[in-house]
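Reading through the structure tokens given below for one structure.
The values are calculated or read from the model by the stated rules, or taken from the named source; none is laboratory data. Here the structure is a predicted model, which is why all the values come from computation and not from measurement. Because the Cβ atoms are built from the backbone with ideal geometry, glycine has one as well, and the counts that use them run over all protein chains shown. SASA here: full protein model, heavy atoms, side chains in, ligands and nucleic acids out. Shrake-Rupley method; radii C 1.70, N 1.55, O 1.52, S 1.80 Å.
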Amino acid sequence: MKQMIELAKCMIICTDGTVKTHYFKGTMPVLKEMQSIVDGHIEFVRFSPMQSMVVDEEGLIKNKPINKAAMSFLNRNGRDDVIISGNVFVISNKFIN
């Protein structure tokens, strides 16, 4: 019997408000793949024991557009202390720990 392999996946929240599911190439995301989604160096914004948002750590310095959808998502999940700019993704902590 074949064992099912679970690919790492995330939810991308774009600055224009669109949301899409992304499947990584393996069971754990690699740094280069995560950096390509946010178009920069990654930073983790933990908002629950189960999930984190991955952002470009220099998004504001690079003058990327404010991501209102991502900020709204964080606000609904108890984080209202960060300004998010650029595309981001939300991922289960089991894929990044």
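Figures for the structure shown
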item	result
Of residues in the range 11-29 being in a loop (DSSP other than H, G, I, E, B) and open to solvent by 80 Å² or more (accessible area, probe 1.4 Å), the one nearest to SER52 (Cα to Cα)	MET28
GLN35 vs. criteria among the polar types (S, T, N, Q), assigned to a loop (DSSP other than H, G, I, E, B), out of contact with any Leu (no Cβ under 6 Å at 6 or more places or on another chain) and open to solvent by 30 Å² or more (accessible area, probe 1.4 Å)	no
Matching residues in the range 54-64 - criterion: being open to solvent by less than 80 Å² (accessible area, probe 1.4 Å) and out of contact with any Lys or Arg (no Cβ under 8 Å at 6 or more places or on another chain)	VAL54, VAL55, GLU58, GLY59, LYS64
Qualifying residues in the range 65-97 (those that are open to solvent by 10 Å² or more (accessible area, probe 1.4 Å) and of a type in the set (Phe, Trp, Tyr)) - the one farthest from THR27 (Cα to Cα)	PHE73
Members of the range 22-50 found to be in contact with a strand residue (DSSP E or B) (Cβ under 6 Å, 6 or more places away or on another chain) and hydroxyl-bearing (Ser, Thr, Tyr), listed by number	TYR23
Qualifying residues in the range 81-95 (those that are part of a loop (DSSP other than H, G, I, E, B) and closer than 18 Å to ASP39 by Cα) - the one nearest to the chain's Cα centre (by Cα)	ASN87
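Quick grid of which residues meet (1) in a strand (DSSP E or B); (2) at pLDDT 95 or above; (3) closer than 17 Å to THR21 by Cβ:
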| site | (1), (2), (3) |
| --- | --- |
| PRO49 | no, no, no |
| GLU58 | no, yes, no |
| ALA69 | no, yes, yes |
| SER72 | no, yes, no |
| ARG79 | no, no, no |
